[in-house]
Amino acid sequence: MTQSITHHLTDALIMGYSAGTLPEAVNLIVATHVSLCDECRAAVEAHDAVGGGLIEECAPAAVSKDCLSQVMSLIRDEPAPVAAQVPVDPAIPAPLRDYVGTSLADVKWRPVGMGVKQAVLRTSSEATARLLFIPAGTAVPDHGHNGLELTLVLQGAFRDEDGYFRRGDIEVASEAVNHTPIADISEDCICLAVTDAPLRFKGLLPRLAQPFLGI
Ligand code: ZN
Ligand code: ZN
């Protein structure tokens, strides 16, 4: 499945993820893409290795004599992990499960209009993460961005001015991008979307509705 991914993370996102400096919502979408994409996982590991190299060059710090035995006893005392009993929806990659639960059927959707639904996830406030449900063949209103918008496909596919996006693909849209994403006709599309500023809708109706929808 991973070889079909053609839209990847930017270097800036990979560096930020490796350094641990991204807002929670951005970190979540990057972690979710990395869990689906061998290419970006390798890039993250390469960055982590560089970071690890820097740590190795630091001067060693003194530790107490029984430090090792203390650590080993902590490891021994750790209870064995209990195997998960709950069946997990394969559409939900592991990093998302703490936020979404184990089944897309349990998501509490709120209507946005035109059949489009959303569920805002609980993260810190610097950026917003939401699941978007776009019915097959439906368009999200034409809009621009006041900041960064990241969109990762979990189910189905969508097309916009920038290309065709299927499961695992991530679109990185900046302030310069205006687009009208349209869900593929074959299947309802579910995406994880992250924004760090409100969207700019061109049409009057979406603009009027925007304050009530929180997008
Ligand atoms: Zn990738
Ligand atoms: Zn957008």
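The values are calculated or read from the model by the stated rules, or taken from the named source; none is laboratory data. Because the structure is predicted, anything quoted here is derived from the model rather than measured. Because the Cβ atoms are built from the backbone with ideal geometry, glycine has one as well, and the counts that use them run over all protein chains shown. Note: accessible area is taken over every heavy atom of the protein model, side chains too, but ligands, DNA and RNA are not part of it. Shrake-Rupley method; radii C 1.70, N 1.55, O 1.52, S 1.80 Å.
With an 8 Å Cα cut-off and a minimum separation of 6 or more residues, compute the relative contact order for the chain in percent.
Value for the chain: 21 percent.
Could you give me the ³J(HN,Hα) list for segment 10-19, computed from phi with Karplus coefficients 6.51, -1.76, 1.60 and θ = phi - 60°, whole Hz, x at Gly and Pro?
7, 4, 4, 5, 5, 5, x, 5, 5, 7
Summarise the accessible area of the chain (1.4 Å probe, protein heavy atoms) by the percent that is carbon and sulfur.
With neighbouring chains kept in place, the figure for the chain is 59 percent.
For the chain, what does the accessible surface come to per residue with a 1.4 Å probe? Please give it in Å².
Roughly 57 Å² per residue, with all protein chains present.
Run the helix sum for the chain: -39,500 (n - 2.57) per DSSP H stretch of 4+ residues, divided by residue count, reported at 222 nm to the nearest 500 deg cm²/dmol.
After summing the helix terms and dividing by the residues of the chain, the value is -9500 deg cm²/dmol.
Modelled label-to-label distance, Glu57 and Ser4, 7 Å Cα→beta-carbon offset: nm?
Distance between the two pseudo-spin positions: 4.3 nm.
Residues with beta-carbon under 13 Å from that of Asn27, excluding Asn27: net charge, scoring Lys, Arg +1 and Asp, Glu -1?
Taking every other residue near Asn27 into account, the sum is -4.
Over the heavy atoms of Asp196, what accessible area does a 1.4 Å probe trace out, to the nearest 10 Å²?
Accessible surface of Asp196 is approximately 80 Å².
Alpha carbon centre of segment 84-150 versus segment 40-74: separation in Å?
Each part's Cα centre sits 36 Å from the other's.
For the full complex of protein chains and a 1.4 angstrom probe, list Ile75, Ile170 by accessible area with the highest value first.
Ile75, Ile170
Once both axes come from the Cα atoms, what is the angle between helix 67-77 and the longest principal axis of the chain, in degrees from 0 to 90, rounded to 10?
Long axis of 67-77 versus the principal axis of the chain: about 60 degrees.
Using θ = phi - 60° and the Karplus form 6.51 cos²θ - 1.76 cosθ + 1.60, what ³J(HN,Hα) does each residue of segment 117-122 get, whole Hz, x for Gly and Pro?
Per-residue couplings from phi come out as 10, 9, 9, 7, 8, 7 Hz.
Treating the angle as unsigned and between 0 and 90°, give the value, to the nearest 10°, between the Cα long axis of helix 204-213 and the longest Cα principal axis of the chain.
The two axes meet at around 40 degrees.
Give, as a single signed number, the net charge of other residues whose beta carbon lies under 13 Å from the beta carbon of Ile14, with Lys and Arg counted +1 and Asp and Glu -1.
Net charge in that neighbourhood comes out at -3.
With everything on Cα atoms, drop me the angle between helix 24-36 and the longest principal axis of the chain, reported from 0 to 90° to the nearest 10.
80 degrees
What does the accessible area of Cys40 come to, in Å² to the nearest 10, when a probe of 1.4 Å is used?
Rounded to the nearest 10, that gives 10 Å².
If the label point is 7 Å along Cα→Cβ of Ser174, which residues in segment 8-33 have backbone nitrogen under 11 Å from it?
Flagged as within label range: 12.
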